[in-house]
Amino acid sequence: MRISGGIAKGRRTATKRLLIKKANGEKLRPTSSKVREAIFDILGSRIKGASFVDLYAGTGTVGFEALSRGADMAVFVESDSMRIQAIKNIANELGFLEKSVIRKGRASEFLKKAASENRIFDIFFVDPPYRSAELEKVLPLIGEGGLLSEGGIVVAEHFSREKPPDAEGRLRKEKAYRYGDTTLTLYRKVEA
């Protein structure tokens, strides 16, 4: 896998070993380059200077892409130890270590802790394992937890046959984009 745009364009982010290893019985399903391009087309200039959270980071490629395209910082949340170490190594190789916050653990636990610390982020990329109930767990935590800046954005990647909610707390569904079996659903934080 390679970064498709920005200052690190063309640099490799994932090894074959990392891609085939299963974590907790789940084989990694990395976001395709076509879908990654779509994510950053959707985000456009909003990525510049943003704080970006890559939940269920896997290889970290989406977070590294955000940094490559101008995000000020990226938080990588991943539960698998081998993948966490790989993200640290890749961040170092790409020169993004100072802009990277790497957290091992479950996405829901990270969100609860960040909310208790009054942390605020501009963009969340949420890509849980397909056909899991994770999206239903984390959207309320983001939408009601005060974690998103005003006008902040959540991009949820999910299986096209799944239908995520139209609203969750202060999150409102803005649009959905379908790419084969993958759909990107865009949410925006609305005023109280």
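The values are calculated or read from the model by the stated rules, or taken from the named source; none is laboratory data. Since we're looking at a predicted model, the values are computed, not measured. Positions of Cβ are backbone-derived with ideal geometry, glycine not excepted, and every protein chain shown enters the neighbour counts.
Of note:
- Near pairs, Cβ below 6 angstrom, 6+ apart or cross-chain, from the stretch 130-142 (within 18 Å of Val190 (Cα to Cα)) to any residue that is among the aromatic types (Phe, Trp, Tyr) and at pLDDT 90 or above: Ile142/Phe124
- Criterion: modelled with pLDDT under 95 and basic (Lys, Arg) - qualifying residue of Arg131, Arg119: Arg131
- Subset of the stretch 33-57 that is in contact (Cβ under 8 Å) with a residue 24 or more places away in the chain and among the charged types (D, E, K, R) - its residue that is surrounded by the fewest Cβ atoms within 10 Å (Cβ to Cβ): Lys34
- Enumeration of residues in the stretch 134-184 that are closer than 16 Å to Val53 by Cα and among the hydroxyl-bearing types (Ser, Thr, Tyr): Ser149
Listed here are the residues, each with its yes/no results for (1) buried (at least 17 other Cβ atoms within 10 Å of the Cβ); (2) under 16 Å from Ile42 (Cβ atoms); (3) in contact with a Gly (Cβ under 8 Å, 6 or more places away or on another chain); (4) hydroxyl-bearing (Ser, Thr, Tyr).
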residue: Phe125; (1), (2), (3), (4): yes, yes, yes, no
residue: Leu141; (1), (2), (3), (4): yes, no, no, no
residue: Ile153; (1), (2), (3), (4): yes, yes, no, no
residue: Ala156; (1), (2), (3), (4): yes, yes, no, no
residue: Lys163; (1), (2), (3), (4): no, no, no, no
residue: Tyr179; (1), (2), (3), (4): no, yes, no, yes
residue: Thr185; (1), (2), (3), (4): yes, yes, no, yes
residue: Lys189; (1), (2), (3), (4): yes, yes, yes, no
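- Considering each residue of the stretch 80-87 in turn, none proves to be closer than 14 Å to Phe124 by Cβ and within 14 Å of the chain's Cα centre (by Cα).
- Residue within the stretch 43-51 that is over 17 Å from Pro128 (Cα atoms), assigned to a helix (DSSP H, G or I) and touching a Phe, Trp or Tyr at 6+ places or on another chain (Cβ under 8 Å) present: yes
- Subset of the stretch 58-82 that is in contact with a helix residue (DSSP H, G or I) (Cβ under 6 Å, 6 or more places away or on another chain) and without any contact (Cβ under 8 Å) to a residue 40 or more places away in the chain - its residue that is surrounded by the fewest Cβ atoms within 10 Å (Cβ to Cβ): Met73
- Among residues of the stretch 1-32 being among the β-branched types (Val, Ile, Thr) and surrounded by fewer than 14 Cβ atoms within 10 Å (Cβ to Cβ), the one that is modelled with the highest pLDDT is Ile7.
- Within the stretch 66-118, if we keep just the residues that are of a type in the set (Asp, Glu) and in a helix (DSSP H, G or I), the residue that is farthest from Ser51 (Cα to Cα) turns out to be Glu93.
- Residues in the stretch 150-160 that are modelled with pLDDT under 95 and over 19 Å from Ser32 (Cβ atoms): Glu150, Gly151, Gly152.
- In the stretch 97-120, residue surrounded by the fewest Cβ atoms within 10 Å (Cβ to Cβ) [restricted to those that are in contact (Cβ under 8 Å) with a residue 12 or more places away in the chain and out of contact with any helix residue (DSSP H, G or I) (no Cβ under 8 Å at 6 or more places or on another chain)]: Asn118
- Filter pass, Ala86 being surrounded by 14 or more Cβ atoms within 10 Å (Cβ to Cβ), of a type in the set (Gly, Ala, Ser) and modelled with pLDDT of 95 or more: no
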